[in-house]
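Here is the structure we will look at, set down as structure tokens.
The values are calculated or read from the model by the stated rules, or taken from the named source; none is laboratory data. Computed from a prediction, not measured in an experiment: that's the story for all the values here. When we count neighbours, we look across all protein chains shown, and the Cβ atoms used for this are built from the backbone with ideal geometry, even at glycine.
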Amino acid sequence: MAQTPALTPGDRAPAFGLKDQTGTTVRLSQYKGRKVLVFFYPKADTPGCTTQACGLRDVLDDIGDVAVIGISPDAPDKQARFDEKYDLGFPLLSDADHAVAEKYGVWGEKKLYGRAYMGIVRSAFLVDERGRVEQAWYRISPKDTPKRLLASLG
């Protein structure tokens, strides 16, 4: 399976409508007129994903009107437990069939202990008020996600 080409600044951010941790459908189009950080993470409540999500939670007061949305293949109930456990306070969307991850070019081959498999390549995208990609950070580290967001807004 060929990976979707990487998004670059100026590209239209692929539209999506996915269920969040409460079962409500969240669409990117709901955020027209404000910036949105869309970040993709492999699995809820794992060390790296927890570091990333909590780091973003901790900068929410510093990013003004910018919305934060997390997306992983986890089911809404698992996303809900992750949100409750860490009091994240932003939508965590379920992309179980990884269709949205594929549109963003973040579903790709990974290796663990010499075994190759397909999964989420941790990435984040700052989408501008018009729905265009302002910043695209592929293979971003969990700790760098909030730092890059703050730097791009400052």
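Just a few scattered comments:
- Residue match in region 96-105 (condition: of a type in the set (Phe, Trp, Tyr) and either in contact with a helix residue (DSSP H, G or I) (Cβ under 9 Å, 6 or more places away or on another chain) or within 18 Å of Asp62 (Cα to Cα) (or both)): no
- From Gly17, Gly23, Gly33, Gly10, residue being at pLDDT 95 or above and touching a Ser or Thr at 6+ places or on another chain (Cβ under 9 Å): Gly17
- Evaluation of Thr8 against the conditions (1) farther than 16 Å from Leu150 by Cα; (2) exposed (fewer than 12 other Cβ atoms within 10 Å of the Cβ); (3) free of Cβ contacts under 8 Å to residues at least 40 places away in the same chain; (4) not aliphatic (A, V, I, L, M) shows that the sole unmet condition is (3).
- From the options Leu7, Leu37, Leu56, Leu28, residue that is in contact with a strand residue (DSSP E or B) (Cβ under 9 Å, 6 or more places away or on another chain) and more than 22 Å from Glu102 (Cβ to Cβ): Leu56
- Considering region 45-66, and only residues there that are of a type in the set (A, V, I, L, M, F, W, C) and under 17 Å from Arg122 (Cα atoms), the residue that is surrounded by the most Cβ atoms within 10 Å (Cβ to Cβ) turns out to be Ala53.
- Of all residues in region 67-85, those satisfying the criterion of being closer than 14 Å to Ser123 by Cα and among the aliphatic types (A, V, I, L, M) are Val68, Ile69, Ile71.
- Scanning region 111-146 for residues that are touching a residue at least 60 places away in the same chain (Cβ under 8 Å) and of a type in the set (Lys, Arg) yields a total of 4.
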